[in-house]
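Contents: one structure, followed by commentary.
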Amino acid sequence: MGRRDDDDEREKLSWREIDKMRDHSRHVSREPKGYRERSLRSDWAKKQHLKEAEKFFLGKKGTDEYKKAYAALHDKYGTAGFEEAAKKFIREFGPPDDWGTLILLLDAKDPAVAREALIPLKGLYEKRSPIEQKGLKGKLKILVMTARDKNLREEAQKVLGGL
């Protein structure tokens with residue numbers, strides 16, 4: 001019976017105190033409990049770091065201003081505001097990298113804007129589908145026949161000959 005008397009004399013611990021003792025134990029891991037939880041955290045962190053790295057390497061083209069100017073260029077295509085949007089885009093960011101936007105720039109009335117699109121289009125030509133290649137050739141033939149600027153006509157003819 002001596003054993004029972006010892007139990008009664010000892011102070012009972014509350015659940016909070018028991019949990020606190022468990023948290024400070026050497027046997028309890030401080031890291032997330034499951035593999036899934038750890039992997040979710042690391043995947044999310046990786047994605048965030050990759051996004052930031054992409055923005056860094058894109059330079060100006062990774063900014064919100066670029067996205068707005070790009071959207072404005074596409075939204076204003078076929079309207080009176082297209083010329084100004086195209087000039088502003090080229091002035092601030094240089095020629096775009098994508099095929100569709102470069103094709104749009106060929107329709108600009110300003111010959112300098114259309115000339116800015118010719119060289120990148122020539123570089124992207126081989127990677128495009130036969131239909132897109134044929135479309136570019138047709139667009140360049142029309143440009144050669146209808147452009148008012150002699151230099152633009154000559155450059156379009158030169159690019160057409162090199163395709």
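Side notes on the structure shown:
- Some residue of the stretch 130-146 being without any contact (Cβ under 8 Å) to a residue 40 or more places away in the chain, more than 25 Å from Lys61 (Cβ to Cβ), exposed (fewer than 12 other Cβ atoms within 10 Å of the Cβ) and of a type in the set (Lys, Arg): yes
- Residue match in the stretch 16-37 (condition: assigned to a loop (DSSP other than H, G, I, E, B), at pLDDT 65 or above and surrounded by fewer than 10 Cβ atoms within 10 Å (Cβ to Cβ)): yes
- Meets criteria (in contact with a helix residue (DSSP H, G or I) (Cβ under 9 Å, 6 or more places away or on another chain), within 30 Å of Glu52 (Cα to Cα), at pLDDT below 90 and acidic (Asp, Glu)) for Glu83: no
- Taking first residues from the stretch 91-105 that are more than 16 Å from Tyr77 (Cα to Cα) and partners that are modelled with pLDDT under 85 and assigned to a helix (DSSP H, G or I), the Cβ contacts under 7 Å between residues at least 6 apart in sequence or on separate chains come to Phe93/Lys60; Phe93/Lys61; Phe93/Tyr66.
- Subset of the stretch 107-116 (residues that are surrounded by fewer than 17 Cβ atoms within 10 Å (Cβ to Cβ) and small (Gly, Ala, Ser)): Ala112
- Any hit, the stretch 57-74, residues being in the same structural domain as Arg153 (by TED's automatic domain parsing) and more than 21 Å from the chain's Cα centre (by Cα): no
- The single residue among Ile90, Ile103, Ile119 that is surrounded by 18 or more Cβ atoms within 10 Å (Cβ to Cβ) and β-branched (Val, Ile, Thr) turns out to be Ile90.
- Annotation: of all residues in the stretch 54-80 being at pLDDT 75 or above and surrounded by fewer than 11 Cβ atoms within 10 Å (Cβ to Cβ), the one that is farthest from Leu105 (Cα to Cα) is Asp64.
- Here the condition is being in contact (Cβ under 8 Å) with a residue 24 or more places away in the chain and either aliphatic (A, V, I, L, M) or touching a His at 6+ places or on another chain (Cβ under 8 Å) (or both); of Ala108, Ala117, Ala80, Ala71, it holds for Ala108 alone.
The values are calculated or read from the model by the stated rules, or taken from the named source; none is laboratory data. What you are looking at is a predicted structure, and each value in this text was computed from that prediction instead of being measured. Note that each Cβ is placed from the backbone with ideal geometry, even for glycine, and that neighbours are counted across all protein chains shown.
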